[in-house]
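A.B. asks: This structure is in structure tokens; I'll ask about it shortly.
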């Protein structure tokens, strides 16, 4: 709670509107109540108003300060339908199909965020990743000056010797199964930007492999080496103050004693605060291992590289996890234009 407590304090100074498409889910209702009670902003629940109120009543949750919107009855439904129809025109979508899509909470919520009627979106508690990501990629799209949408887990472990006072950023753990060199470099830079924003300190980014500095030979290792060089180049171009190194084994990235033996000259090894995985298998497995075996607080998946802030949370998330993700997404939105210049304009400028 050390880390997320500081995120909440920052958000309290600049409260935001966060939309939760799963408005009847008990964990979402609990997180929304806390979001408002802690003065973090205005939570917006999507769903049938009667059903949301019934679910809240069963949990004895006060809905004061919480907005409830039923997409099917919203005054914005026609506007959202027209915009979605234009966005998907090249797919041959008709008005009836567009309207049917926009009644769905994830689509409606994505459009709210795209049109700045909400500052961020949190979904996935009862949905597959595809159900959450598809509307976001259709409506919000990838931010200008980036080419890759990915995701990041923010892990807070008890042992403060790891990462930045116990906080580790891990990517990509939820979107791209087999990232290319270009995508891997983008993931590294985007995650470094998020780490810098949330922690304020200089990110130390390790691009991971089963090899450290050529201790093995394989095309997958060459990909990590090339991605490291490209990430360094892109960070310089974007004037991002971060250190990148790779390829590194995870023990060399995290344990100073091992780093001193394997890569004594590295500025990252033994002190990494950002871990970039070579593929989705490695990232997803590692993040869930740390969460459950080390009993870490896990906040994610925070989506990176999108035009607007959003997160796809795990179906195993607790109300505390959802609240933490909402705090991160809210804080992201404060300086989102600095992270992604010109973000959010494709829908605001007449489609």
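The values are calculated or read from the model by the stated rules, or taken from the named source; none is laboratory data. This is a predicted model, so every value here is computed, not measured. Positions of Cβ are backbone-derived with ideal geometry, glycine not excepted, and every protein chain shown enters the neighbour counts.
A.B. asks: With respect to the numbered conditions (1) within 27 Å of residue 182 (Cα to Cα); (2) touching a helix residue (DSSP H, G or I) at 6+ places or on another chain (Cβ under 8 Å), which one is the sole condition not fulfilled by residue 107?
C.D. replies: Here residue 107 clears every test but (1).
A.B. asks: Examine region 308-324 for a residue that is more than 24 Å from residue 39 (Cα to Cα) and buried (at least 23 other Cβ atoms within 10 Å of the Cβ), and state whether such a residue exists.
C.D. replies: Checked against the condition, which is being more than 24 Å from residue 39 (Cα to Cα) and buried (at least 23 other Cβ atoms within 10 Å of the Cβ), region 308-324 yields no hits at all.
A.B. asks: Let me ask something else about it. With respect to residue 184, is the statement that it is assigned by TED's automatic domain parsing to the domain that holds residue 243, modelled with pLDDT of 95 or more, part of a helix (DSSP H, G or I) and within 28 Å of residue 283 (Cα to Cα) true?
C.D. replies: In short, yes.
A.B. asks: Is one or more of the residues making up region 64-71 within 29 Å of residue 38 (Cα to Cα), assigned to a helix (DSSP H, G or I) and touching a helix residue (DSSP H, G or I) at 6+ places or on another chain (Cβ under 8 Å)?
C.D. replies: Yes: one or more hits.
A.B. asks: Among (1) within 16 Å of the chain's Cα centre (by Cα); (2) without any contact (Cβ under 8 Å) to a residue 60 or more places away in the chain; (3) surrounded by fewer than 19 Cβ atoms within 10 Å (Cβ to Cβ), there is one condition residue 189 misses while meeting the rest; what is its number?
C.D. replies: The one condition residue 189 does not meet is (3).
A.B. asks: I'd like to check something: does region 251-260 contain any residue that is crowded, with 19+ Cβ neighbours inside 10 Å, at pLDDT below 95, in contact with a strand residue (DSSP E or B) (Cβ under 6 Å, 6 or more places away or on another chain) and in the same structural domain as residue 175 (by TED's automatic domain parsing)?
C.D. replies: Looking through region 251-260, none of the residues is crowded, with 19+ Cβ neighbours inside 10 Å, at pLDDT below 95, in contact with a strand residue (DSSP E or B) (Cβ under 6 Å, 6 or more places away or on another chain) and in the same structural domain as residue 175 (by TED's automatic domain parsing).
A.B. asks: Give all pairs with beta carbons closer than 9 Å in which a residue from region 111-128 that is within 13 Å of residue 79 (Cβ to Cβ) meets a residue that is modelled with pLDDT of 95 or more and in a loop (DSSP other than H, G, I, E, B); count only pairs at least 6 apart in sequence or on separate chains.
C.D. replies: 111/76; 111/117; 112/76; 112/118; 115/76; 117/76
A.B. asks: Considering every residue within region 230-237, establish whether at least one is buried (at least 22 other Cβ atoms within 10 Å of the Cβ), in the same structural domain as residue 163 (by TED's automatic domain parsing) and over 22 Å from the mean Cα position of the chain (by Cα).
C.D. replies: Taking every residue of region 230-237 in turn, none turns out to be buried (at least 22 other Cβ atoms within 10 Å of the Cβ), in the same structural domain as residue 163 (by TED's automatic domain parsing) and over 22 Å from the mean Cα position of the chain (by Cα).
A.B. asks: Quick one: which of 227, 235, 272 is part of a loop (DSSP other than H, G, I, E, B), in contact with a helix residue (DSSP H, G or I) (Cβ under 8 Å, 6 or more places away or on another chain) and under 30 Å from residue 334 (Cα atoms)?
C.D. replies: 272
A.B. asks: Report whether or not residue 198 is assigned to a helix (DSSP H, G or I) and either touching a residue at least 60 places away in the same chain (Cβ under 8 Å) or buried (at least 19 other Cβ atoms within 10 Å of the Cβ) (or both).
C.D. replies: yes
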